[in-house]
Structure formats: structure tokens, C-alpha cells
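The values are calculated or read from the model by the stated rules, or taken from the named source; none is laboratory data. Source: prediction; values computed, not measured. All Cβ positions, even for glycine, are placed from backbone atoms using ideal geometry, and neighbour counts span all protein chains on display. Protein only, heavy atoms only, side chains kept; ligands, DNA and RNA dropped before computing areas. Shrake-Rupley method; radii C 1.70, N 1.55, O 1.52, S 1.80 Å.
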Amino acid sequence: MTVDDHTLAQVAMSRDEYARLLDLLDREPTEVELGMAGALWSEHCGYKHTRPLFKHFPTTGQYVLTKVGEENAGAIDLGDGWCAVFKMESHNHPSAIEPYEGAATGVGGILRDIFAMGMRPIALLDSLRFGPLSISHNRRLFKGVVAGIGGYGNCIGVPTVGGEVQMHPAYSGNPLVNAMCVGIGRREHLLSAAARGVGNPLVLVGADTGRDGIHGATFASVELDEDSDQRRPAVQVGNPFMEKLLMEACVELAEQHRDWIEGLQDLGAAGLTSSAVESANRAGTGFELDVALVPRRERQMTPYEVMLSESQERMLVIPKREHLDDVLALFRKWELHADVVGRVTDDQMATIRDGDAVVARIPIAVLSDPPQYDLEPIRPAELDRLHAEDLEAHPDLAPAEASAAVLRLLGSENIASRRWIFRQYDHQVLNHTVVRPGGDAAVLWLRGTSRGIAVATDCNGRFVALEPRVGAAMAVAEAARNVVATGATPAAITDCLNFGNPEKPGVAYQIEQSILGLSDAARALGTPVISGNASLYNEVPEAAVLPTPAIGLVGVIEDIERHLEIGFHAGDTVVLVGAALAQPAQTLAGSEYQALTLGRAAGRPSIDLGLEVRVQRLVLDAHRRGLLTSAHDCADGGLAVALAESCMAGGVGLRGGSPDLGARLDAALFGEAPSRFVVGTRDVAGLMELARAAEVPAVVLGEAGGTVLAIGPVALDVAVVVETYERALPDLLSGVDSE
Amino acid sequence: MRAAVLVFPGTWSDSDCVYALEQVGVPSRRVWHRETRIDPDELVVLAGGFSYGDYLRCGAIARFSPIMSAVQAHAARGGLVIGICNGFQILCEAGMLPGVLMRNASLQFRCQDVHLRADSLASPFTQGLDPTRALRVPISHGEGNYFADDATLDRLEATGRVAFRYCDASGAVTPEANPNGSLRNIAGVLNEAGNVLGMMPHPERACDPRLGGDDGNAIWRSVLGAVGVSAR
């Protein structure tokens, strides 16, 4: 077979990689073999540019049961025999082309990762990034993605409990759609995705196989361009109803018939190819698969198409031979098709037949050994220029304009209420949801126990762009703070690494430094990485996305009846924990206030991980001692926005008086220094004493009460604050184009 | 009393209903839609969800499931049936309740707390409720906009068959309190004999203070009171 450039481009394989494949095989690959190798060696499946850096991640800890990379998702111990599995994954490129189906199938895909491990999904979250909503194309993507997430999650009956969304020009044309799922179950029901037991059948269950999504993994591994719209056939279409049946059948298998099966694996990117190869690789076995046995929904599909189809809602089951009939009967009860399509072998080969003809026979080791590239990072020179910019030189906010500035931030697209989004998501089904969307983190109750979990996602790409190592650490720290604000102890993280083209030195620098920063913070905070996903080549011809290592973090709550929420209660004393009120202008670096007033990001964000750890421990300790009545992370929009959000949630004002706000009013109100909480307490003396002992700065701001939010020169009727905050997103989304 | 919680392909509130019924001391069994047996003293619960993915039309396929003949027979001999959300849609499609549920007036799915006021106390589901007190219960639906022609609505009102209306926290029935455009703020209706109720809100989610409230339990307790069992 002579391979032309077009064929290689289709599988996104370079000439050098093709030469490597020839070398490993010692012969030319068949068409099917080339397709399989191309898919598994793609950036999306093979992590060619990021895997060498994964060694930096802390991967072990007191909560970790299943480490990163061992299975489809990581697992943590919740105590009393319960565990949680979670993972976040990107579906960026499909969503750029077809926002509804792209987002919907992103949700479907991450759900399969979780129930493939035998756990019941109980929470979905979404970390979303779009270009500014002033542009109609971005509004279309935004609405399509939200509708797709709701369409899939609402139908399948798994609550969407949280997430975040940010807008920035760098995401125009290349939105980010990262979906996270958390599942829970008993430890003894955890399943493995390994094709163990030579002679055991491979059973394909769920949807019939069509031509949808062929080369989806490849598509996810190249930059978007003007012709990307023509890749629409590479976008899959979701059927949440089918997946609901699959989910129930798989959870029933795990909970009631764990002994019937050896392995369970979902079909995601690269379809049958990756699921069969990965599960055989995990077990050190091989497999033989006959494409003629695969049920199809289209005629005359070639073996190549069957092996690379990314038709959704399919699972690969490896039952024990003696329980094959039991397993088939269970799927039949759930009104699902299930067919034997192959068997486990001991030859460590992937053998694909089409009836009698062998169309591929390739060592699992070759397919599982993608080329690895060391990044060639170069620190972009502009970082030094941005860091050197003197933020003190920008004029400060005039006291008379302070109230208006607070309203401007609360009405901005990055801070305004997300109710327009989450009221379209079922966030309660399954009766686990204790803290609904709108707080710092969602809280879910493990019914039947006193325990719960708190979940949040975070990342501010502006910080990462200004100083990747610091920005990535800040993302982990903020996710942990959000979870701590509910009274939960941070346990572990999942990451979704969204970057541009790794072959460009500046992007390579962002990737390398972000992974280092993420690891710094994860190590300091004791939250190992248990799962993750990398999405590179997030570029359009104009530019790459902001470097966005999105973090999903799960924390554990010992007593669900004592969780914390963000709302103030009248009569409580409000305390800022973690910093003094006065802040230098440098804390505005990368802030929302800076973006709104300067129109760009400049300066150098920073984080003191030692302080971060002390502050989080202090808040948890104070909560354990019953000293806190509310807690809220101080992040986007700074102190003023945090106070406004706690006032709105509590339906109460703040008598903040006229404290010394220092030399920079803008920095004191809107600076985004990390490691800060706004808490409510009924025992100021006790809290201040504890803070002193923990060497954490703390300052009393005032008392919650009345109907006015007053702090320094700011005085706002809470009703006006609510009106501004709640109306902004609906207004922006129905807005007139300013293109 | 025992409950039979029906499970169609795509039903997702079955486990929530089982949990809520447990809270008031009612044991339940889950009944797969292919089964055909319902015991005379069972409370039949058609739980929420997207039966058959809501493909074609909400509830339009589920009404042909084998269990539905048994549900019809159960209702005909006076047995109790409650349909919640998708269950309400199925009962309408099956002709067991009047009217239809159209797409929400907002054209969007809505998940939020609403307030309900019992409009008629002439049914086992509502006889124990306080009509002056608004119940806080969540909704979660894209198609809960109740519609029937004026003559039907007049008849329902005249014969005490409007079980619940959407209201504000003080119990006032206002346009602002209507989350989906339902005519006359109707949230739930009864059949002629009063033994079949359909409602869009989810009482099974308002079943535990730890989950944000337990106002929904009043409805189950009302049923228990009507059949002469003391609730837990």
C-alpha cells in the first residue's frame, strides 16, 4: 500500500510517525491497521505531548483508591465502604461545530466513563468558555451548549449541579466544553475495564454502529480552520434515552452481578478500536474481533469504518464465559441489543476479521505505544513586559464611583448570576443535592450515611496566561477553597488541560508550566490528581485559547447537617479571613475589574501556597468548632463581589462601616488575591483567636443586617444588587449584536 | 398500604419516590412496565422521567406498555393512582385524565422551587391538606404547560377536580407564580372519581429537610389518612 499525504492527513499521522509504524511492524500496515494506529496515536487518545509531564502530578493520598491512568476514572474512599469516582473530559471541537450535539455527547461520554466503573453517576458539572456574548456567534454557541447539556442530563436523569462559565475574546470560535461527572457506590462494586480471561467473549451492547464520528479523535487533535464546518460528520449525535438504559443495566451488573463479568469499558474516542485495545492492554491479553458481527445502522460499512466509528451509547462487556447467557439476558431485560463480537486471546495481538478475512493483525504493544514528544517550550517574551507593567500607575477608582463599579462588575458577563443557565438543568433528581447551583460548590448527600461530598470546578485563564505556573496553582487553590467554603475537606482533583497547539513554543511553555503549577498546588493542598484529560490544538487561525487547565475537585463532608453555605444571616459578624483589607494594585493583575477598566490583562498574579494551606485549614478548623455561620470564597470580582453575593444569598445587608481600605480603593474592593474567605460568625473573639494562633490575617468587616450593602464608600440597596445581578445574563443573551 | 412505583424505560424518579414513601412509612415495590399485576390496595405511582426519551411526544409511547392495562383496571375499581411529571403526561396520553401538557411558555426546561395550593380537598391526595398554606415543592420539566378547552376547565373547576394551583409563598394565585404558562395556574388535576391524580411538581423531592424541605410529604400523608393508616 502506497500511502499518500491525503491518507496520512486523514489519520493525522506525520511522515515520521508513519515511518515509526513501519519500523515497529516491519511491514506496511493494512488500511484498517493504519486507521487504528492513527486514532490511538492521535493527541486525543495518545497524549503524545503531555504524557511525559504527567510524572509531576502527585497521584497518591489518604483518599485515593484507584490512581490516575489505571482505569477510566480515578476513585476515592469516602469511608464506611463507600467510594466516589470522578473525571472531567473535553468536548471542545465538536461543540465549536455543532454546539447542541457536541455538548450533549460530551455529557454522554463522561457519564459512560463513570458507570463503566460500576458506579452510579449522581452529579454532573460543566466548565465552559466562550467568546464575548456581545457577538451573536458566541451567543449561539452558548445557548446551543447549554441546551445540549440540559437536553442530555435532564433526559437521562443525572443532576447537573454546578460548574462555571467565563467569556474571553480568546475563546471566540474555539469554545471550551469540559464535562465532569461524579459517581458513587460501594467499593466492592468497583469494576475494571480489563479484558481478562482468555476465551471470554467480547460483547458489544447499546446502539448500532453507524458512520457518525469517524475520525473524531483525529479531529480533536488538529486546529480548527475555515474548513472545520465540513468536519460535521465527525460530530456524533446523542441518544440519552439509550444511555439511560445502558446506565441502569451496567449499574445493575455491578451492584448485583459483579461476579458475572471480568471487565466493562465504554466506547468513546476511536470507538471499538480504543475500547478493545485499551482493555486488552490493561489485562496483558489480546483479542480477536469480527466486524461482520457488529450490528450496524448503515449499509456497506467497511471494516475501517466499523472499527473507527464513534457512534455513541455503546459499551464493551467482557463477561465470564459461563455467565454469557446471564449477561445477555440482563441486557435484553433492559431492552438493549447485545452481541458477541469477539473473544479474549492470549497472543497480545489485536486481530480484526471481516468474516473469514483477516483485515488487521497488529501487536497491542504497538497500538498502545504512541510516539512521545518532549515539548520545546520557550517563555514568551511578552510575559516579562506584562509583568513589568506598573499597575500602581493606572488611576485609582474615585470613591464616588465605587457603588457604580460594584454594580458594573455584578452585571458583567463573567460575574452575573448563572440562574439563566442552571434553571434549565435538573439539579435535584436522585435526591442527593443539598446545596444547589449558585453557591461556591455543590453539596451532595450520601443518603444512608451522615456524609456528603462537595464538588467544584475552577480555572481563570487570565491568571494562567499571565503566569502559567501561578495561574494553574491558583485554579487548584480556588477549587479547594470553594469546597472548603461548604465545610468539606478537599480530597482529590481531576483536570482537563485545554491549550493551543503544543508544537508552538509559547503554548508548550504554558502546558509545561501549568502542569508544574497544578502539581505544586495539588501537593501543597494534599489533593492528588486521580483522573484527567488533555485537549490540545484549541486554536483558530487568529489565536489560541487562553491556557485553561480546568480543575474539578471533590471534598468530603463528615456531617451533612453541618455544611456551610454562602449567605449571611442577620446579626452575624462578617470577617475577612486570609488577608488585610488594604491590597496593592498588583492584586488587580488578571482580575475582572482590570479586564473591564483596562480592556486587557497585565501584571503578575501570585499565590503563597503556605498561606493558602493555613487559611483553608483555619476555616475547616473554625467550622469544626462551630464558629462559622457562613463561608464564601473571595475570587472573581474580589471582596466587593463576594460580599454582595453573600448578602444576596442571605437576603440581608451589611453594615460595614468605614474601615481603612488602604491606598488603592480599586484593589481593596476588586483585587483578586487568592487565599481569602468572607465568613459569618457569632463568636468573633473565638474566631480571631484561632486565626492568630494559625498565623492567618483576619479582619472584622461589620455586621450582617438591614437592607443595604455598605462597605467604605460603597452603599447599595440589596434589592438593586439582586436586580442587576439577575438581569444581566438574560439581557446579554437576548442582546443586540455589537459586532 | 403499599406503593407500586412503575418503571418505564427512561423513568428516573422511581428511586426518589421509593425514598419519599419510606419517609412516611410506606413500603413500595418497583414494577417494570412489562409486568401486568397490581394489587387492589396498592397506591400506583407513575414517577417522573423521560419515558422512551419523550420521543414522539411525552408519554405517548409509555401508555401502550403492558402495565397500563392493569393501571386502567386498578383505577376503574377505585384504586389510587398518582402520576408525577412524566407520569402525569402518561395519564393524559392514556385518556385517564383530561387535558394535555404543552411545552413551557418560556420554551425552556425549568428546574426550580414553586409553591402549590390545594384547590380541592375532595380527594384522598388532598383531603388532609391545609388549603390556606402554600406547599414548597420543586418542578423539573420542559413540557408542563397544562392546556384544556374552556368547557373542560370550567367543568374541572365546578366539580372540584383541580387538585393544585401554582401560587406564591403567601398562597396567592398570580401570573408571576405560574412557572410554565399552565391555564388557570393548574398544577394538578383529578379524574372524575377523585382516585387518579396527575401533577407536574415533584413532591418526592420535597421529602427531607436535609434536601431543602419536606412539604411534599403532606400529600403522601393525606393519602394515608384517607385510607385509614397513620403516617409515620
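Observations
- Each residue in region B:45-63 was checked for being assigned to a loop (DSSP other than H, G, I, E, B), surrounded by fewer than 23 Cβ atoms within 10 Å (Cβ to Cβ) and within 11 Å of another protein chain (Cβ to nearest Cβ), and 2 of them qualify.
- Across region A:1-46, the qualifying residues are those that are part of a helix (DSSP H, G or I) and small (Gly, Ala, Ser), and the one among them that is surrounded by the fewest Cβ atoms within 10 Å (Cβ to Cβ) is A:19.
- Scanning region B:64-78 for residues that are without any contact (Cβ under 8 Å) to a residue 40 or more places away in the chain and either part of a helix (DSSP H, G or I) or away from chain A (no Cβ under 14 Å) (or both) returns B:64, B:68, B:69, B:70, B:72, B:73, B:74, B:76, B:77.
- Pairs are defined by a Cβ separation below 7 Å, a sequence spacing of at least 6 or placement on different chains, a first member in region A:424-451 that is more than 7 Å from chain B (Cβ to nearest Cβ), and a second member that is assigned to a loop (DSSP other than H, G, I, E, B) and of a type in the set (Ser, Thr, Tyr); the pairs so defined are A:435/A:486; A:440/A:486; A:441/A:486; A:443/A:486.
- Residues that are closer than 13 Å to residue B:70 by Cα and not in a loop (DSSP other than H, G, I, E, B), drawn from region B:26-44: B:31, B:32, B:42, B:43, B:44
- Complete set of residues in region A:5-36 that are small (Gly, Ala, Ser) and closer than 23 Å to residue A:353 by Cβ: A:35
- Criterion (among the acidic types (Asp, Glu), open to solvent by less than 20 Å² (accessible area, probe 1.4 Å) and not in a helix (DSSP H, G or I)) met by exactly one of A:672, A:703: A:672
Rundown of residues vs (1) within 30 Å of residue A:560 (Cβ to Cβ); (2) open to solvent by 20 Å² or more (accessible area, probe 1.4 Å); (3) touching a residue at least 40 places away in the same chain (Cβ under 8 Å), yes/no style:
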{"residue": "B:145", "(1), (2), (3)": "no, no, yes"}
{"residue": "B:149", "(1), (2), (3)": "no, yes, no"}
{"residue": "B:156", "(1), (2), (3)": "no, no, yes"}
{"residue": "B:165", "(1), (2), (3)": "no, yes, yes"}
{"residue": "B:184", "(1), (2), (3)": "no, yes, no"}
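- Residue, farthest from residue A:547 (Cα to Cα), within region A:373-390, restricted to residues that are in contact with a Lys or Arg (Cβ under 9 Å, 6 or more places away or on another chain) and part of a helix (DSSP H, G or I): A:388
- Exclusive hit being of a type outside the set (Lys, Arg) and within 14 Å of chain A (Cβ to nearest Cβ), set B:180, B:195, B:185: B:180
- Condition check for residue A:170: open to solvent by 10 Å² or more (accessible area, probe 1.4 Å) and within 19 Å of residue A:548 (Cα to Cα): yes
- Residue in region A:290-342 that is most open to solvent (accessible area, probe 1.4 Å), counting only those that are in a loop (DSSP other than H, G, I, E, B) and of a type in the set (Ser, Thr, Tyr): A:302
- Answer residue from region A:675-698, given it is within 34 Å of the chain's Cα centre (by Cα) and over 17 Å from residue A:650 (Cα atoms) and is most open to solvent (accessible area, probe 1.4 Å) among those: A:695
- Considering A:52, A:94, A:58, the condition of being surrounded by 19 or more Cβ atoms within 10 Å (Cβ to Cβ), outside the structural domain of residue A:264 (by TED's automatic domain parsing) and not in a loop (DSSP other than H, G, I, E, B) is satisfied by A:94 alone.
- Residue within region A:187-196 that is farther than 30 Å from residue A:453 by Cα and either modelled with pLDDT of 75 or more or open to solvent by 60 Å² or more (accessible area, probe 1.4 Å) (or both) present: yes
- Checking A:418, A:408 one by one, the residue that is at pLDDT 95 or above, within 25 Å of residue B:114 (Cβ to Cβ) and open to solvent by 30 Å² or more (accessible area, probe 1.4 Å) is A:418 and no other.
- Condition check for residue A:268: in contact (Cβ under 8 Å) with a residue 60 or more places away in the chain and part of a loop (DSSP other than H, G, I, E, B): yes
- Among the residues of region A:517-542, the one identified as on the phi > 0 side of the Ramachandran plot and surrounded by fewer than 24 Cβ atoms within 10 Å (Cβ to Cβ) is A:526.
- Of all residues assigned to region A:609-629, none qualifies as being closer than 26 Å to residue A:388 by Cβ, open to solvent by 10 Å² or more (accessible area, probe 1.4 Å), assigned by TED's automatic domain parsing to the domain that holds residue A:673 and acidic (Asp, Glu).
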